[in-house]
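Engineer: Questions regarding the structure given below will be posed in turn.
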Amino acid sequence: MLRCQCGRNFGSRSNSNSKCPRCNKKTSLSTIKSFSSSSELRDAVSKANVPDEIISELSSRLASYEKSERSNEGLTSDDIQKILSLAKLPDDSVTLSSVNESMITLNLEKMSPERLMELLETSSMVLRNPNNSWSVLQ
Ligand SMILES: [Zn+2]
C-alpha cells in the first residue's frame with residue numbers, strides 16, 4: 001500500500017511505476033505496508049482512505065458554507081456608506097424601501113435590507129424611529 005503526500009492511500013503492485021490516483025504525482029509516494037494478497041491490500045486501502053474522504057468532504061462543505069456566509073455579510077463599510085447616502089430621504093432618515101432601492105441601484109444586494117438595518121442598529125449607526133424609518137447617526 002502506498003501513501004501520497006496529499007493523503008490518498010492506494011494499492012500498487014510495484015512502487016516504481018505508480019501514480020497517485022488523486023493528484024497524479026509519483027514523486028511524493030511512500031510505502032506504508034506490503035501485503036501478500038490483493039484482497040488484504042484492497043481492504044487496507046479502503047480502510048485507510050475512509051477517514052480522509054470524510055474529512056475532505058466535511059472541509060469542502062465547511063469551506064463553501066463559510067464562503068456563502070462571508071458573501072452574505074460581504075458589505076464593506078464603504079458599501080454601507082454609499083447605500084445610506086443614496087437611501088437618505090430629505091429629512092436624513094432612511095426606510096427599508098429606500099435602502100432596498102439604493103442596494104439595487106448600487107448592485108450591492110448582498111443581504112436583505114432588513115438584515116442590513118439590523119446590523120446598522122446593532123452597531124449604532126442608525127436609530128430606529130417609531131414610524132418605520134431610521135435616522136442615520138453619522
Ligand atoms: Zn496524491
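Engineer: Counting only residues that are surrounded by 15 or more Cβ atoms within 10 Å (Cβ to Cβ), polar (S, T, N, Q) and within 16 Å of N49 (Cα to Cα), which one in the stretch 2-22 is nearest to the ligand (Cβ to nearest atom)? Spell out the reasoning first.
Structural biologist: Pass one, the stretch 2-22, residues surrounded by 15 or more Cβ atoms within 10 Å (Cβ to Cβ): 2-4, 7-12, 18-20, 22.
Filter once more, so that each one left must be polar (S, T, N, Q): 9, 12, 18.
If we keep only those that are within 16 Å of N49 (Cα to Cα) as well, we get 9, 12.
Values: N9: 10, S12: 13 Å.
Across the stretch 2-22, the extreme among qualifying residues is N9.
Engineer: Take residues that are at pLDDT below 85 and crowded, with 16+ Cβ neighbours inside 10 Å and tell me which of the helices (runs of 4 or more DSSP H) falling wholly in the stretch 23-138 contain 2 or more.
Structural biologist: Those helices (runs of 4 or more DSSP H) span 38-72.
The values are calculated or read from the model by the stated rules, or taken from the named source; none is laboratory data. All values reported here derive from a predicted model rather than from experimental measurement. Cβ sites come from the backbone with ideal geometry, for glycine too, and all protein chains shown count toward neighbours.
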